[in-house]
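To start, the structure under review is shown below, and the notes come after it.
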Amino acid sequence: MTDILKAIRSVDHDPDRVARLRELSGWSRRSAVAESTRQGIAMTDDHWSVVAHLRRVHLAQGVPGEARDLSSSLDRAFHDRGGTRWLYSLFPGGPVHQGCLIAGVPEPAHSIDPASGTCY
């Protein structure tokens, strides 16, 4: 569990970042596993690395304006492992849509769009 007061002091007094940190504090690996099970995904170290990336991006930047932006960020971050194709092998329902659900971060606009990170 995050000590919220300690975290608040360490974010350079950025109120938006403090709010995002509070949003993230209700998440746990247990809740992620429960959501991944609902999504039909068995979590591996690769899945956890994507989840960690999504949570870092959310903490640093907030919700991207469009799912396409987050999809591009994921592709760049995991390019060496196969980029978008590899991400879809982990999250067949879409790395943005399913990844955000499991990571406990808000989904950006249009995340249920076939061109922006989901196949639903």
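The values are calculated or read from the model by the stated rules, or taken from the named source; none is laboratory data. Quick caveat, the model's predicted, so the values are computed rather than measured. Cβ coordinates were reconstructed from backbone atoms using ideal geometry, including for glycine residues, and neighbour counts include every protein chain displayed. Side chains are part of the model used for accessible areas, which takes the heavy atoms of the whole protein and leaves out ligands, DNA and RNA. Shrake-Rupley method; radii C 1.70, N 1.55, O 1.52, S 1.80 Å.
Quick one: count up the residues across the range 84-106 that are surrounded by fewer than 17 Cβ atoms within 10 Å (Cβ to Cβ) and more than 9 Å from the chain's Cα centre (by Cα). Result for the range 84-106: 4.
Within the range 14-31, not a single residue is open to solvent by 20 Å² or more (accessible area, probe 1.4 Å), in a helix (DSSP H, G or I) and modelled with pLDDT of 95 or more.
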